[in-house]
1. Look through the stretch 40-53, keep the residues that are without any contact (Cβ under 8 Å) to a residue 24 or more places away in the chain and part of a helix (DSSP H, G or I), and return whichever of them is surrounded by the most Cβ atoms within 10 Å (Cβ to Cβ).
2. Quick one: in the stretch 73-83, of everything that is assigned to a helix (DSSP H, G or I) and touching a residue at least 12 places away in the same chain (Cβ under 8 Å), which residue is most open to solvent (accessible area, probe 1.4 Å)?
3. Of the conditions (1) modelled with pLDDT of 95 or more; (2) at negative phi, Val21 clears all except one; give me its number.
4. Looking at the stretch 59-72, which of its residues are in a loop (DSSP other than H, G, I, E, B) and either closer than 18 Å to Leu120 by Cα or open to solvent by less than 50 Å² (accessible area, probe 1.4 Å) (or both)?
5. What do you reckon, is Ala56 touching a residue at least 60 places away in the same chain (Cβ under 8 Å), closer than 30 Å to Ala148 by Cβ, part of a helix (DSSP H, G or I) and open to solvent by less than 20 Å² (accessible area, probe 1.4 Å)?
6. Filter the stretch 98-127 down to the residues that are modelled with pLDDT of 95 or more and touching a Phe, Trp or Tyr at 6+ places or on another chain (Cβ under 9 Å) and list them by number.
7. Within the stretch 89-191, considering only helices (runs of 4 or more DSSP H) that don't extend past its boundaries, which have at least 3 residues that are closer than 21 Å to Glu24 by Cβ, open to solvent by 40 Å² or more (accessible area, probe 1.4 Å) and touching a Lys or Arg at 6+ places or on another chain (Cβ under 8 Å)?
Amino acid sequence: DVMSAYEFILADQFKGKPADVTEENIQARIRANILMALANKERALLLNTSNKSELAVGYGTIYGDLAGALSVIGDVYKTKVRELAAWYNSEQRNETIPVSIIQKEPSAELRPGQKDSDSLPPYEILDAVLECYIEKNEALNGIYVSGASSVLVGEVIDMVRKAEFKRTQAAPVIRVSVRGFGSGWRMPISI
């Protein structure tokens, strides 16, 4: 209903233009707005759920899924988040986190059939490239990851550079790695 209201309000401005990331971002912002309202009403903090992979390459919507007061997994790569979820279930000896959630193909669920892999390399490859670049501080021409061409490595690093403006607006990240996003990471927003 809320998305339909936005579509009605923006109908004249969007007339003749195909649906694209604009509508996807509106949906992410609607969800964030509702969650922020609930947090305000309950006098609680909204925790941001973006992981390090998403923050690194800017795979998140400002004022949408990047919303929140604190980023609790913002310094943990997507592949490690999934491993931690499975580990947690085994420690609890029950399915606290549904296995179907852990095993499903990652999706921001912003349009029917949408998958993260529509826009990003597989997380196993993405995370390996990001770890070389962020944690190991390797130069572009020194990053070799199985399954990643030099062109793909360059594209990933370019995404990291272009996403700095989003990271400066994102919730503070709890640092758990050698090099998390924060005051020790900052890059210029314009180069």
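1. Taking the stretch 40-53 as the starting set, the residues that turn out to be without any contact (Cβ under 8 Å) to a residue 24 or more places away in the chain are 40-44, 46.
So of that shortlist, the ones also part of a helix (DSSP H, G or I) come out as 40-42.
On the way: Asn40: 10, Lys41: 8, Glu42: 8.
Ranking the candidates gives Asn40 first.
2. Per the criteria, the residue is Lys80.
3. Unmet for Val21, out of (1) modelled with pLDDT of 95 or more; (2) at negative phi: (1).
4. Tyr59, Gly60, Thr61, Ile62, Gly64, Asp65, Leu66, Ala67, Gly68, Ala69, listed by residue number.
5. Numbers: touching a residue at least 60 places away in the same chain (Cβ under 8 Å): yes; closer than 30 Å to Ala148 by Cβ: yes; part of a helix (DSSP H, G or I): yes; open to solvent by less than 20 Å² (accessible area, probe 1.4 Å): yes.
In short, yes.
6. Leu120, Tyr123, Leu126, Asp127
7. Details: elements: 99-103, 123-130, 150-162, 164-169.
So the answer is none; nothing clears 3.
The values are calculated or read from the model by the stated rules, or taken from the named source; none is laboratory data. Values in this document were obtained by computation on a predicted structure and should not be read as measured data. For neighbour counting, all protein chains shown are included, and Cβ atoms are generated from backbone atoms with ideal geometry for every residue, glycine included. In case anyone asks, the SASA skips ligands and DNA or RNA and just uses the protein heavy atoms, side chains included. Shrake-Rupley method; radii C 1.70, N 1.55, O 1.52, S 1.80 Å.
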